[in-house]
Amino acid sequence: MSAAPPKRTWRKPPAIANPVLRYGLLGLTFGYLYWAVASLPFDWNRIVQGFPRAVRIFGNAIPPEFARSQLMITGFTESIQMAIIATLIGVALSVPVAVMAARTISPTPVYLLGRAIIILARSFHPVIVAIIFVKAVGFGALAGILTLIVYSLGFVGKLLAEAIEEVDYGQIEAIRASGAGYFKVLVYAVFPQILPRQVGLSIYQLDSNLRASAVVGVVGAGGIGGTLMNAFRRFDYDFALAILMVLIAIILVSEGISGRIRRGLT
């Protein structure tokens, strides 16, 4: 009897089949990381000296101080109001911009204009946009709301445009074949298909705006961020820790609520 053939074990093929190219890219990656770390101006003595300062800061922050709860309530109330207003306006503006930026249903000039608006809204960090609006309209919640509107427009507009480009085009052709115009095609063929995605994106953006409202407030754009920054400037690390703990709790609650809503939509 002939011997049984040796048992072979299946192995997943590599992402890059050519070993020279695969190991060459790996070597270039490690070489770049080494060059980047070696060329950046790290002050290792200052880093070592920073550990005792960090221990002292955390030591002064514990236990957290909740005595000034009214100040926290005022700041968080403003942040929540900013996030809700900016989400409603930003999502409302993102719908027409997303339609413009969808290649499958918009002519080329309109498509390019829509993409340019989204790219412009996504090009800058919210802190930079907040600084610009603070200079333009002054300190306070208005600058924060305008910043979060731009932030929402860039994020939701981009993802909605991609969702529109992925819809079932057969429904669009069927509505067009019945003699419907452009807006009726949007209402009866496009929007029903992207509605679940839009609701999910709106809920996520509300969470994101709530977090971002604390960041933009650091530069004077309203919300709890201003209170947090003032606490650090006064070396009230115990009060700053209390603010951070409440912020984490609010984010956890909002995540739970939004997750429940999204599960209800699926």
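See the values below:
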| item | result |
| --- | --- |
| Radius, Kirkwood style, for the chain when every pair of distinct Cα atoms is counted (Å) | 22.8 Å |
| Volume per residue of the C-alpha convex hull in segment 165-223, rounded to whole Å³ | 104 Å³ |
| Cα centre as origin, Lys/Arg/Asp/Glu Cβ charges: the chain dipole, Debye | 740 debye |
| Of the DSSP H helices in the chain, those whose Cα atoms cover at least 20 Å axially and whose Kyte score averages 0.0 or more | 19-39, 69-100, 108-122, 141-165, 191-216, 237-265 |
| Neighbourhood net charge (9 Å Cβ-Cβ; Lys/Arg +1, Asp/Glu -1) for ALA102 | -1 |
| Pairwise label distance in nanometres, LYS135 with VAL20, each label 7 Å out on the Cα-Cβ vector | 5.2 nm |
| Modelled FRET efficiency - R0 41 Å, ARG233 with PHE191, Cβ distances, 0.05 increments | 0.30 |
| THR74-ILE257 FRET efficiency (beta carbon distance; Förster radius 30 Å; 0.05 resolution) | 0.85 |
| Kirkwood Rh and Cα Rg combined as Rg over Rh, evaluated for segment 77-136 | 1.08 |
| Calculated FRET value between PHE58 and ALA180, using beta carbons and R₀ = 51 Å, to 0.05 | 0.20 |
| Segment 1-140: translational diffusion in µm²/s, Stokes-Einstein, Kirkwood Rh over Cα pairs, 20 °C, 1.002 mPa s | 92 µm²/s |
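Here, each number is a calculation from the coordinates, and none is a lab measurement. This one's a predicted model, so the numbers in the text were calculated from it and none came from an experiment. All Cβ positions, glycine included, derive from the backbone under ideal geometry; neighbour counts span all protein chains shown.
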